[in-house]
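The values are calculated or read from the model by the stated rules, or taken from the named source; none is laboratory data. For clarity, every value in this text was computed on a predicted model and none was experimentally measured. Methodologically, a virtual Cβ is constructed for each residue, glycine included, from the backbone with ideal geometry; neighbour enumeration extends over all protein chains shown.
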Amino acid sequence: MTIPTTDVDVNAVDEFTVTINSGRPSHTDDNNHRQDQHNQDSDDDDEVVDPNDPFDITQTKNAPIDTLRRWRQAALVLNASRRFRYTLDLKKEEEKDKKIRLIRAHAQVVRAALLFRLAGERELVINTAVTPLPQADGDYAVGLEQLTSMSKDQNVKGLSNLLKSNPEKGISGDEADLSKRKNAFGTNTYPRKKGRSFWRFLWEAWQDLTLIILIIAAVVSLVLGIKTEGLEEGWYDGGSIAFAVILVIVVTAVSDYRQSLQFKNLNAEKQNIQLEVIRGGRTIKISIFDIVVGDVIPLKIGDQVPADGVLITCHSLAIDESSMTGESKIVHKDHKSPFLMSGCKVADGVGVMLVTSVGINTEWGLLMASISEDTGEETPLQVRLNGVATFIGVVGLSVAVLVLAVLLGRFFSGNTKDLDGNIQFTAGKTSISDAVDGVIKIFTMAVTIVVVAVPEGLPLAVTLTLAYSMRKMMADKALVRRLSACETMGSATTICSDKTGTLTLNQMTVVEAYAGRKKLNPVDDSSKLHPEVLSLINEGIAQNSTGNVFVPKDGGETEVTGSPTEKAILSWAVKLGMNFDRTRSNTTVLHVFPFNSEKKRGGVALKLVDSGVHIHWKGAAEIVLNACTQYLDSNGDLQSIEEEKAFFGEAIDDMAARSLRCVVIAYRSYELEKVPSNEEELDHWSLPEEELVLLAIVGIKDPCRPGVKEAVRVCTEAGVKVRMVTGDNLQTAKAIALECGILASTEDAIEPNIIEGKRFRELPEKEREQIAKKITVMGRSSPNDKLLLVQALRKGGEVVAVTGDGTNDAPALHEYGCY
Ligand SMILES: Nc1ncnc2c1ncn2[C@@H]1O[C@H](COP(=O)(O)OP(=O)(O)OP(=O)(O)O)[C@@H](O)[C@H]1O
Ligand SMILES: [Ca+2]
């Protein structure tokens, strides 16, 4: 079956991951549990598997060494030589592990020493100005070596000046500047290990016990044939065996070789992450490989830190350093510990970093340089089939040996007669040459049994099929990161898909808007709004956003960047006449609560010029609306929301029913005295979010992907149930589900077919398992709800595929390791 999800994934190769979990429990789960921060659910008891089951392996890549070793042992029993090709080289793996641990320990020690030193300096109040001025390197006032040590002493401003960068605007980013930086500090790439040549694969392909048996068989029957029937006729048997052997060797080598090339390409694709940098004041998307020292990079939840650097600004930034330190610990970053290491993940919050070293000079680079890249990987089916093939081969071989022994015994004891009934062998009478001929015939028979019994092509056929389907999926623009995914995906019985970006295009536009009680028609008509209302809306949108608006000086088109939702709202505000830079410079940001999928809202506290404070909130419509007690009517007067709550509720429901995503923008004023003045306290200050004043409601359209309906139909026909799990409003989710055929009719749209994440979460575990199967649409789900659903389905015996694009899908995607 070609995989139904391919249609869903079209056009989004770099953003999508497809994950599969097989219904069977696996040891690797333990592994993933350890890594998975979000998975605090310890009561999934059926995942505890019999540790003595040596065949319990779903993937070799992350399997614990123990499991692999058991496999290896089982394999050795079955076939001494073949297995080596298929199971990872354990010794090498262990050595690699040791090396990584060593380097990590080293990094830890360096960091510890550094912290110690910093602490000491702080206490002694050593004047940092004593630091000798760094030597010049090329065009910069700082060299590569000094830079590494410098970034630990100097403040960010000074550092960015030395790097000829600007904390707000970044580097200029013209060609000359970029190439100068690359020359001075290197590029953000790692040297690649050269792949193995085709000849190596060919050489390895014949070193296989069964093939060796066949080669010997070929030689033997060639010799026998020529001896008994002469050169002209006698080579047929041996020749055809030899031909088959050569064919198998060549095909194996070619397929292994191509697979290795494919993996190389895949790896390149996997690593080539696109990310946003700020250059010359504008936010642009570039490849991670094009990052240079001095670049200013905004980071948000889910991003990977692309190079080593220091923080310029940050808000509740937390970094998962497990890839560097080996322990899964979330570290909070602020101006006191501003160093970011490449390769780590942003677990929460937002920040902006200045790149201080790239590529091989980063700590990650050091680590990468010393270990080799991905070793090959076997799919569960391949591993099993290899076992079967080897087993059959061994049985065939034993039968052949048995037959040989019996026939030889009968021959030499005078029990074998030829066609005419003469005894073929009588001790003393039969000439040696006749005896040899007889033995040769028996050998030929045994060889034939071996040739017939050894199913050499079986594993090969599987590899070829999988590689083929992987290629086909690549052609469909679906990136398959693991060969095994093709196989497991084929057995999926249900797909949990997110909505935004997977079923929909993720191209959002504001198509409906209310300012206060008034519906704007058209949406960007600001003429009837009181200037005060307009300026508050603008203030809220411009400051309470991770996006950016760049207006080119030469009068080109305005560029809006950010997440699709942010982009839509910012573009709307620009159309209303917002001047982004001016609005932002009017107020100073005191504190930010970055948007996250869990809370579904984001807030910011602003200090005004007159020392007043505004707190702006923006987020999921009904949630923020609930926190509002007043609204600002179009004349700029405050009104109580009590009588109008129903009106606003209906407005939201109405928009949601037409599949629009609703976002409410609200604010309140606050007293500066109540804002913590101490920086430490400010960091932990939770923004007040009650008694808000409703400013605006926007309805954002995100059209369905073309072809989604068809894809859903294909899946349903193939017996795969498609479910939608989204962070959006339940009504919006329902409308989209009806639109793309996930829900057949409105009659189906009742609980528990459609359910809110919160309701599902609060059910007792047993009940969750029962209704999980019925859930078709889950709205307002938090990342953890997605995970809960996958777990519940899995317990019900389903093989679940999860598709998702965003960080809020990560826990569910991560759950079963195979993505
Ligand atoms: N940048 C934002 N600022 C404020 N509110 C937002 C922002 N982005 C999304 N929202 C609100 O939060 C809700 C849920 O967002 P969430 O990130 O959980 O889902 P999603 O990933 O966008 O959707 P899906 O789960 O279908 O992929 C949206 O319905 C919207 O109302
Ligand atoms: Ca998503």
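Just one of the listed residues (Thr746, Thr732, Thr716) is among the hydroxyl-bearing types (Ser, Thr, Tyr), within 16 Å of ligand 2 (Cβ to nearest atom) and under 36 Å from the mean Cα position of the chain (by Cα), namely Thr732. Within segment 184-227, the residues that satisfy the criterion of being assigned to a helix (DSSP H, G or I) and either surrounded by fewer than 13 Cβ atoms within 10 Å (Cβ to Cβ) or among the β-branched types (Val, Ile, Thr) (or both) are Trp199, Thr210, Ile212, Ile213, Ile215, Ile216, Val219, Val220, Val223, Ile226.
Where strands (runs of 3 or more DSSP E) fall wholly inside segment 241-334, the ranges with 1 or more residues that are acidic (Asp, Glu) and more than 26 Å from Ile100 (Cβ to Cβ) are 274-279.
Out of Asp633, Asp653, which single residue is in contact with a Gly (Cβ under 7 Å, 6 or more places away or on another chain) and surrounded by fewer than 19 Cβ atoms within 10 Å (Cβ to Cβ)? Matching residue, one of Asp633, Asp653: Asp633.
Scan segment 678-701 and give yes if some residue there is within 16 Å of ligand 2 (Cβ to nearest atom), within 27 Å of the chain's Cα centre (by Cα), under 22 Å from Lys618 (Cβ atoms) and at pLDDT 90 or above, otherwise no. There is no residue in segment 678-701 that is within 16 Å of ligand 2 (Cβ to nearest atom), within 27 Å of the chain's Cα centre (by Cα), under 22 Å from Lys618 (Cβ atoms) and at pLDDT 90 or above. Being touching a residue at least 60 places away in the same chain (Cβ under 8 Å), assigned by the TED database to the domain that holds Asp683 and of a type in the set (Gly, Ala, Ser) is a property that Ala542 lacks.
Could you check segment 674-708 and list, in sequence order, the residues that are in contact with a Cys (Cβ under 7 Å, 6 or more places away or on another chain) and more than 24 Å from Pro564 (Cβ to Cβ)? Passing the criteria: Leu692, Val693. Scanning segment 599-614 for residues that are more than 16 Å from ligand 2 (Cβ to nearest atom) and not in a strand (DSSP E or B) yields a total of 5. Of Val624, Val663, Val613, Val604, all but one fail to be farther than 28 Å from Gly779 by Cα and either touching a Gly at 6+ places or on another chain (Cβ under 7 Å) or in contact (Cβ under 8 Å) with a residue 12 or more places away in the chain (or both); the exception is Val613. The residue list Gly649, Gly602 contains one member that is touching a Pro at 6+ places or on another chain (Cβ under 8 Å) and within 26 Å of Val523 (Cβ to Cβ), which is Gly602. Across segment 688-738, what is the number of residues that are among the small types (Gly, Ala, Ser) and more than 15 Å from ligand 1 (Cβ to nearest atom)? Looking only at that region, the number is 4. Scanning segment 464-484 turns up no residue that is modelled with pLDDT of 85 or more, part of a loop (DSSP other than H, G, I, E, B) and more than 16 Å from ligand 1 (Cβ to nearest atom). Do we find a residue being assigned by the TED database to the domain that holds Asn678, in contact (Cβ under 8 Å) with a residue 40 or more places away in the chain and small (Gly, Ala, Ser) anywhere in segment 583-594? Checked segment 583-594: no residue is assigned by the TED database to the domain that holds Asn678, in contact (Cβ under 8 Å) with a residue 40 or more places away in the chain and small (Gly, Ala, Ser). Total residues in segment 522-570 satisfying the condition of being assigned to a loop (DSSP other than H, G, I, E, B) and touching a Phe, Trp or Tyr at 6+ places or on another chain (Cβ under 8 Å): the figure is 6. Taken together, Gly540, Gly547 contain a single residue that is touching a helix residue (DSSP H, G or I) at 6+ places or on another chain (Cβ under 8 Å) and within 14 Å of ligand 1 (Cβ to nearest atom), which is Gly547. Quick one: which of Ala369, Ala307 is modelled with pLDDT under 85 and at negative phi? The match here is Ala369. I'd like the residue in segment 552-571 that is under 15 Å from Val698 (Cβ atoms) and out of contact with any helix residue (DSSP H, G or I) (no Cβ under 8 Å at 6 or more places or on another chain) and, out of all such residues, is farthest from ligand 1 (Cβ to nearest atom). Per the stated criteria, the residue is Ser571.
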